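To keep things clear, I will list the structure first and then write my remarks on it.
The values are calculated or read from the model by the stated rules, or taken from the named source; none is laboratory data. Quick caveat, the model's predicted, so the values are computed rather than measured. No Cβ is skipped: glycine too gets one built from the backbone with ideal geometry, and neighbour counts run over all protein chains shown. Heavy atoms of the whole protein, side chains included, go into the accessibility calculation; ligands, DNA and RNA do not. Shrake-Rupley method; radii C 1.70, N 1.55, O 1.52, S 1.80 Å.
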Amino acid sequence: MTEGQRQTYNERRIRYIHHGLTIGTESFNEAKKRLTSLYIHNAATLHDPLSLALSGAPYLGKSHTLTELARFTANRLRRDTPDFIEKEMMPCVIITVPAPTTSKGILQELLTFIGIESTRAYTEQQLRTTVVRAMNGHGTRLLAFDEAHNMTRGGPAQREAAKNMIKKLMGDVEATLVFAGIDLNDNGLFEGISGRQLSSRTQMIELHPYSAATEGDREVWKTTGDYFEDALGLIGNEPGTLRSLASYLFNRTGGVMGELANTLRTAAVILIKSDAVARYGREQITQQLLDEIPMGDAAEQRRLYDDDQYDWPTFPVESLAG
């Protein structure tokens with residue numbers, strides 16, 4: 001491999017680590033099972049479509065799970081309709097809800113994702129009609145709202161209007177709706193008249209930090225590390241490395257999926273960019289390397305023990321990891 005080829009190869013690896021790396025977590029597997037059931041239900045009903053919500057504290061993997069549900073949906077469509085690209089089908093529409101938001105603002109974000117221009121002169125009805133026509137016309141199966149807690153930002157009238165618009169959209173589009181956001185049960189999204197109607201049609205999955213209370217819990221955490229180790233694809237990394245660092249990683253991250261993912265992605269990119277294969281013969285994750293990666297304030301607060309202690313915690317950590 002020439003120097004130029006190695007550089008191109010490493011750039012592709014880094015791009016994959018940041019944008020393509022996927023981990024089949026328990027949360028994703030549960031969400032995939034629920035979404036599959038909702039697809040079946042919603043395809044058979046005319047008046048009672050159901051939606052899915054992913055809720056939890058920051059950094060628990062909500063956006064990651066949402067991305068994986070979109071990938072799962074696109075793969076299902078590719079399996080069922082191999083020529084879906086030629087048919088100009090659009091399996092998923094995903095937006096990040098802006099803050100503060102309005103019902104028109106959400107609809108305009110949807111049109112931007114779809115690729116349709118709109119103007120401020122459009123009424124909400126015109127915007128919603130355009131969105132529905134485009135999504136149903138392109139066979140969209142998943143309509144996802146990341147940062148859905150932003151729907152409750154703004155004045156009372158704005159909040160109620162946004163939730164009412166979402167309720168109408170749920171009944172008009174053929175796609176199944178999925179919400180992902182922070183503490184959706186407690187931030188007002190499902191309060192008020194429209195909110196309670198949304199709640200009655202939404203299946204909630206609460207995401208929590210990983211636990212280390214039992215040997216079974218610890219094995220789940222170790223297995224998650226195995227998944228990352230396989231997915232990172234580091235050259236020459238000794239198998240079982242992350243399993244041997246499991247208690248250290250739990251201490252460092254508080255069992256929070258986002259912290260774990262960021263730490264391991266950063267370590268992998270450092271190894272690739274430092275040309276570790278040429279210098280050391282392999283790309284090996286070590287505790288020394290991980291110690292050199294800075295932690296943000298939130299991550300420092302989640303750390304369970306002082307730096308010289310890496311045993312499993314002997315106390316509940318849920319309150320610390322949020």
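Restricting to Cα pairs below 8 Å that are 6+ residues apart, what does the relative contact order work out to for the range 19-143? Please round to a whole percent. Mind showing how you got there, number by number?
Details: 84 pairs, mean separation 28.6, N = 125.
Across the range 19-143, relative contact order equals 23 percent.
For the residue pair Ala213 and Thr241, what label-to-label distance in nm results when each label sits 7 Å from Cα along the Cα-to-beta-carbon direction?
Here the modelled spin labels are 3.3 nm apart.
Which three extents, in angstrom, do the Cα atoms of the range 150-309 have along their principal axes, listed largest first?
Extents along the principal axes, in whole Å: 61, 33, 30.
If amide hydrogens are placed 1.01 Å from N in the peptide plane, which non-local residues have theirs closer than 5 Å to the one on Gly139?
Met90
Mind ranking His208, His138 by accessible surface for me, highest first, 1.4 Å probe?
His208, His138
How far, in nm, would the chain grow between Val277 and Arg15 when pulled straight, counting 0.36 nm per residue and subtracting the alpha carbon separation?
Answer, rounded to one decimal: 92.5 nm.
List the relative contact order of the range 117-230 as a percent without decimals, with contacts defined as Cα pairs under 8 Å and 6+ residues apart. Intermediate results must be reported in sequence, preceding the final value.
Details: 90 pairs, mean separation 27.9, N = 114.
Here the relative contact order equals 24 percent.
Which of Ile94, Ile182, Ile193 moves the most in a Gaussian network model of the chain with Cα springs under 10 Å?
Ile193
Ratio of the range 197-290's C-alpha Rg to 2.2 N^0.38 Å, to two decimals?
On the way: Rg = 16.3 Å, N = 94, 2.2 N^0.38 = 12.4 Å.
After normalising by residue count via 2.2 N^0.38 Å, the value is 1.32.
Can you work out the FRET efficiency for the pair His138 and Thr22, with r the C-beta to C-beta distance and R0 = 30 Å, to the nearest 0.05?
0.75
Can you tell me the alpha carbon radius of gyration of the range 87-220 divided by the globular rule-of-thumb value 2.2 N^0.38 Å? Can you show the working numbers first?
On the way: Rg = 16.7 Å, N = 134, 2.2 N^0.38 = 14.1 Å.
In units of the globular-protein estimate, the range 87-220 measures up at 1.18.
Can you sort Lys32, Lys87 by solvent-accessible area, 1.4 Å probe, largest first?
So the residues, ranked largest to smallest area, are Lys87, Lys32.
Can you give me the three principal axis dimensions of the range 1-60 from its C-alpha atoms, in Å, biggest first?
60, 29, 16
Can you compute log10 of I(q)/I(0) for the range 75-156 with the Debye formula, treating each Cα as one identical point scatterer, at q = 0.13, 0.24 Å⁻¹?
The computed values of log10 I(q)/I(0) come out as -0.46, -1.15.
How many nm separate the modelled label positions at Asp186 and Ala43, each set 7 Å beyond the Cα in the direction of the Cβ?
3.8 nm
Give the accessible area for Met89 in Å² (nearest 10); use a 1.4 Å probe, count only protein heavy atoms, and leave out ligands, DNA and RNA.
Surface open to solvent at Met89 totals about 50 Å².
What angle do you read, to the nearest 10 degrees and between 0 and 90, between the alpha-carbon axis of helix 3-19 and the longest principal axis of the chain?
Taking the Cα atoms of the chain, the angle to 3-19 is about 50 degrees.
Applying the Karplus parametrisation 6.51 cos²θ - 1.76 cosθ + 1.60 with θ = phi - 60° to the phi angles of the range 96-105, what ³J(HN,Hα) value in whole Hz is obtained for each residue in order, glycine and proline being reported as x?
9, 5, x, 10, x, 10, 9, 4, 5, x
Mind ranking 96-105, 61-70, 11-20 by how tightly packed they are, going by the mean number of other C-beta atoms within 10 angstrom, highest first?
Highest to lowest by the protection proxy: 61-70, 96-105, 11-20.
Helix 124-137 sits at what angle to the longest principal axis of the chain, using alpha carbons and giving 0 to 90 degrees rounded to 10?
70 degrees
Relative contact order of the chain: what whole-number percent is it, with Cα pairs under 8 angstrom and at least 6 residues apart?
On the way: 448 pairs, mean separation 66.9, N = 322.
It comes to 21 percent, rounded to a whole number.
Compute the whole-percent fraction of alpha carbon pairs in the range 182-227 spaced more than 14 Å apart.
63 percent
Would you mind calculating the gained length between Asp226 and Glu30 on full extension (0.36 nm times residue separation, minus the Cα-Cα distance), in nm to one decimal?
Here the answer is 68.6 nm.
What would the Debye formula give as log10 I(q)/I(0) at q = 0.10 Å⁻¹ for the alpha-carbon point model of the range 7-115, no solvent?
These q points yield log10 I(q)/I(0) values of -0.40.
Label points 7 Å out from Cα along the Cβ direction at Gln287 and Arg78: separation in nm?
The modelled label-to-label distance comes out at 4.1 nm.
Enumerate the calculated ³J(HN,Hα) couplings along the range 215-232 in order (Karplus 6.51 cos²θ - 1.76 cosθ + 1.60, θ = phi - 60°), each rounded to whole Hz, writing x wherever the residue is Gly or Pro.
Listing the rounded values in order: 4, x, 4, 5, 5, 4, 5, 5, 5, 4, x, 4, 4, 4, 4, 5, 6, 5 Hz.
For the chain, take the longest principal axis of its alpha carbons; what is the angle in degrees between that and the long axis of helix 257-273, to the nearest 10 within 0 to 90?
60 degrees
Roughly how large, in nm² to one decimal, is the mean projection of the convex hull of the alpha-carbon atoms in the range 66-115?
4.0 nm²
Calculate I(q)/I(0) for the chain by the Debye formula, one identical point scatterer on each C-alpha and no solvent, and give its log10 at q = 0.11, 0.13, 0.15 Å⁻¹ to two decimals.
Normalising to I(0) and taking log10 leaves -0.80, -1.03, -1.21.
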